[in-house]
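The next block holds one structure in the form of structure tokens; read it before the comments.
The values are calculated or read from the model by the stated rules, or taken from the named source; none is laboratory data. Nothing here was measured: the structure is a model prediction, and the numbers come from that model. Virtual Cβ from ideal backbone geometry, glycine too; neighbours counted across all protein chains shown. Just the protein is used for accessible areas: all its heavy atoms, side chains included, with ligands, DNA and RNA removed. Shrake-Rupley method; radii C 1.70, N 1.55, O 1.52, S 1.80 Å.
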Number of protein chains: 2
Amino acid sequence: MPTALSPQVSAFVLHWGEMGSRWGINRTVAQVHALLYLSPKPITAEDIVDALQVARSNVSTSLKELMGWGIVRRVHVAGDRRDHFETMTDVWAMFRIILDERKKRELDPTVSAVRTCLEDARAAGPSEQVTVERLEALAEFFAVMEGGYQSLRALPPAVLVQTLKLGGAVGRVLNP
Amino acid sequence: MPTALSPQVSAFVLHWGEMGSRWGINRTVAQVHALLYLSPKPITAEDIVDALQVARSNVSTSLKELMGWGIVRRVHVAGDRRDHFETMTDVWAMFRIILDERKKRELDPTVSAVRTCLEDARAAGPSEQVTVERLEALAEFFAVMEGGYQSLRALPPAVLVQTLKLGGAVGRVLNP
DNA sequence: CTGATGTTTCAGTAATAACAGAAATATAGA
DNA sequence: TCTATATTTCTGTTATTACTGAAACATCAG
């Protein structure tokens with residue numbers, strides 16, 4: 001395995017890490033993911049340490065997280081005792097998984113919190129009239145988004161791409 | 001203005017702040033936004049200080065950021081010298097603005113970085129073959145997403161809601 | 001102009017999250 | 001079983017980001 005990354009790979013890894021951190025994803029996690037994504041074949045944790053120059057433990061934690069998301073998996077290479085890792089390469093599938101996970105972990109709890117607040121506000125009587133109205137609007141928004149997301153999510157990637165392109169056509173018709 | 005928030009409002013503000021911080025949005029910024037969203041009428045920075053128990057300067061910074069996003073604006077109340085603030089209440093419009101802003105600030109730079117890496121990798125010759133392939137897939141992904149997003153974005157909220165519900169119908173037909 | 005009120009900027013501090021390195025644990029082959 | 005090697009967990013440190021309070025700046029009424 002190369003100890004030094006090619007400038008192109010290195011540049012991508014850095015940018016990906018940067019973007020991740022802006023969306024609340026640990027920088028190292030995103031970098032590990034980027035490295036795996038551009039790697040032609042499965043690599044070891046040690047390779048990652050060499051490539052990214054981070055602590056072995058940090059790599060271990062990051063891999064664990066990526067495996068928890070289900071986008072990275074352990075693979076075994078004949079004649080090598082060490083674990084090797086690889087990521088999915090289907091970008092659409094990957095995107096869907098990441099979106100699903102983040103929705104589940106960060107959005108869903110908020111949505112149910114909103115629902116709870118809404119019920120409490122309703123129970124509190126007319127003093128919370130405005131609260132009720134605003135939270136209703138928010139809950140409705142989440143419900144529609146959820147529905148739309150679920151239906152798009154269920155589409156196979158190829159159909160989803162078509163839907164998006166179709167969406168573009170619909171958009172142009174409605175907004176010429 | 002109430003110095004103490006009602007339990008319902010307080011709960012929502014806390015949850016909203018929590019969610020924001022998980023998506024890379026400053027907690028106080030999100031809390032201020034939540035407070036404004038549930039406020040029946042424009043409130044002053046001082047009101048926000050009382051409600052959230054944070055420093056005046058912190059509120060000032062947060063309001064500036066929210067105004068920078070274009071979802072909060074200064075309004076004047078007759079007979080009061082102080083600035084008052086209010087947020088948009090159209091959740092869909094707000095969502096669109098936030099998405100636009102984040103796309104512009106965090107996604108677009110990454111997309112152009114990917115394009116640059118891709119060109120560099122192409123120029124580097126066959127040694128970067130895999131890099132080229134993977135980055136091409138990624139660039140294609142971004143391009144389709146961008147197109148789909150732009151067309152949905154351009155729809156008026158009511159049409160967008162319909163599109164999402166329609167999307168649900170399409171999805172059910174394709175995945176019964 | 002001047003003082004009172006309101007707002008923003010800035011430098012230092014505190015809180016949080018990321019990280020390294022060591023220690024502990026697990027596993028495979030001899 | 002024992003030893004070498006691989007992996008994970010844990011604790012203390014570092015870096016980053018958020019935040020406070022004070023000072024500077026702005027604006028309005030008198």
Worksheet item: Copy-to-copy spacing for A:Ala93, label 7 Å out on the Cα-to-C-beta vector, in nm, shortest first?
Response: 4.3
Item to complete: Let me know the charge dipole size of the protein assembly as shown about its Cα centre in debye, to the nearest 20, where only the beta-carbon of Lys, Arg (+1) and Asp, Glu (-1) is charged.
Response: 240
Discussion item. I want the local charge near A:Ala11. Using Cβ-Cβ distances under 12 Å, sum +1 for each Lys or Arg and -1 for each Asp or Glu among the other residues.
Written reply: -3
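Charges only on Cβ, +1 for Lys and Arg, -1 for Asp and Glu: so what's the dipole of chain B about the Cα centre, in debye to the nearest 20?
420
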Response to the item:
Quick calc, segment B:91-174, dipole around Cα centre from Cβ unit charges on Lys, Arg (+) and Asp, Glu (-), nearest 20 debye, gives 540
Practice prompt. With a 1.4 Å probe and every protein chain kept in, tell me what percent of the accessible surface of segment A:7-87 is carbon plus sulfur.
Written response: 49
Worksheet entry | Residue with peak Gaussian network fluctuation, chain A [Cα springs, cutoff 10 Å], from A:Arg73, A:Arg102, A:Arg81 | A:Arg81
Worksheet, complete the sentence: Quick shape check on segment B:1-86: root eigenvalues a ≥ b ≥ c of the Cα gyration tensor, a/c under 1.5 is rounded, otherwise prolate if a/b tops b/c, else oblate, and it reads oblate
Discussion item. To check my understanding: the extent here is largest minus smallest coordinate of the Cα atoms along each principal axis. What are those three numbers for the protein assembly as shown, in Å, largest first?
Written reply: 76, 47, 36
Worksheet item: So what's the Cα pair-distance distribution over chain A, bin width 10 Å, in %?
Response: 8, 27, 25, 21, 13, 5, 1, 0
Worksheet item: Over 29 Å between Cα atoms, which of B:Lys64/B:Lys165; A:Lys64/A:Lys104; A:Lys64/B:Lys165; A:Lys165/B:Lys64 qualify?
Response: B:Lys64/B:Lys165; A:Lys64/B:Lys165; A:Lys165/B:Lys64
Worksheet entry | Accessible surface buried upon A-B contact (total; probe 1.4 Å; Å², nearest 100) | 4900
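What does the net charge come to around A:Glu86 if you take all other residues with beta carbon closer than 10 Å to its beta carbon, with K and R at +1 and D and E at -1?
Charge balance in the 10 Å sphere: +3.
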Practice prompt. Principal axes first, then extents: for the Cα atoms of segment A:66-157, list largest minus smallest coordinate on each axis, whole Å, largest first.
Written response: 72, 27, 12
